[in-house]
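Undergrad: Following this message is one structure expressed as structure tokens.
The values are calculated or read from the model by the stated rules, or taken from the named source; none is laboratory data. In this text, all values refer to a predicted model and were calculated from it rather than measured experimentally. Positions of Cβ are generated from backbone atoms using ideal geometry, with glycine treated the same way; all protein chains shown enter the neighbour counts.
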Ligand SMILES: Cc1cc2nc3c(=O)[nH]c(=O)nc-3n(C[C@H](O)[C@H](O)[C@H](O)COP(=O)(O)OP(=O)(O)OC[C@H]3O[C@@H](n4cnc5c(N)ncnc54)[C@H](O)[C@@H]3O)c2cc1C
């Protein structure tokens, strides 16, 4: 059975840097993420919303072209294309996982493994209480 010093639940803005720091400090780290590594910030929060804002700003500036001595006949927002851009800026790529493992030796484990570990821990607690 593999032994870990630390189990981190959640691979978001808090979990990933913590995993890096602990692994760099010599700890054997396991990370459990139920969905996409990167958490809310990179997958649907900070980064994707900034991509939408960037498109909105570009459209706004283009419409004010005359102020800058530009002739911009018309500006149309292609919303599906904006959303494609949003998805491209998200960092949910399979390589994040392998990069994380390779760089700092953090092992990503499944939620099922976490549940197994919890059951073992509970069993150990029960046995200790019985002593
Ligand atoms: C629309 C939006 C825009 C934002 N913009 C900004 C911004 O511009 N600047 C800024 O500083 N902040 C912004 N934030 C806030 C920022 O996203 C959060 O502060 C940050 O992501 C919190 O990090 P975290 O690691 O605590 O949580 P998260 O990044 O949410 O990570 C938690 C992770 O834990 C996982 N998880 C949860 N429960 C379990 C479980 N039981 N088992 C396994 N995995 C689990 C989740 O799947 C998730 O991946 C924004 C948030 C949103 C929603």
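Undergrad: Which pairs turn up if I take residues in region 48-59 that are more than 17 Å from residue 88 (Cα to Cα) and look for partners that are more than 10 Å from the ligand (Cβ to nearest atom) with beta carbon separation below 6 Å, at least 6 apart in sequence or on another chain?
TA: Listed by first residue and then by second, the contacts come to 59/75; 59/77.
Undergrad: Tell me which residues, restricted to region 2-26, are out of contact with any helix residue (DSSP H, G or I) (no Cβ under 9 Å at 6 or more places or on another chain) and more than 16 Å from the ligand (Cβ to nearest atom).
TA: 2, 3, 25, 26
Undergrad: Among the residues of region 71-90, is there at least one that is within 14 Å of the chain's Cα centre (by Cα) and at pLDDT 85 or above?
TA: So far as region 71-90 goes, no, none of its residues is within 14 Å of the chain's Cα centre (by Cα) and at pLDDT 85 or above.
Undergrad: Output the residues belonging to region 31-45 that are part of a loop (DSSP other than H, G, I, E, B) and more than 6 Å from the ligand (Cβ to nearest atom).
TA: Across region 31-45, the qualifying residues are 36, 37, 38, 44.
Undergrad: Looking at region 46-57, is at least one residue under 25 Å from residue 84 (Cα atoms), in a loop (DSSP other than H, G, I, E, B) and within 11 Å of the chain's Cα centre (by Cα)?
TA: No; the residues of region 46-57 include none that is under 25 Å from residue 84 (Cα atoms), in a loop (DSSP other than H, G, I, E, B) and within 11 Å of the chain's Cα centre (by Cα).
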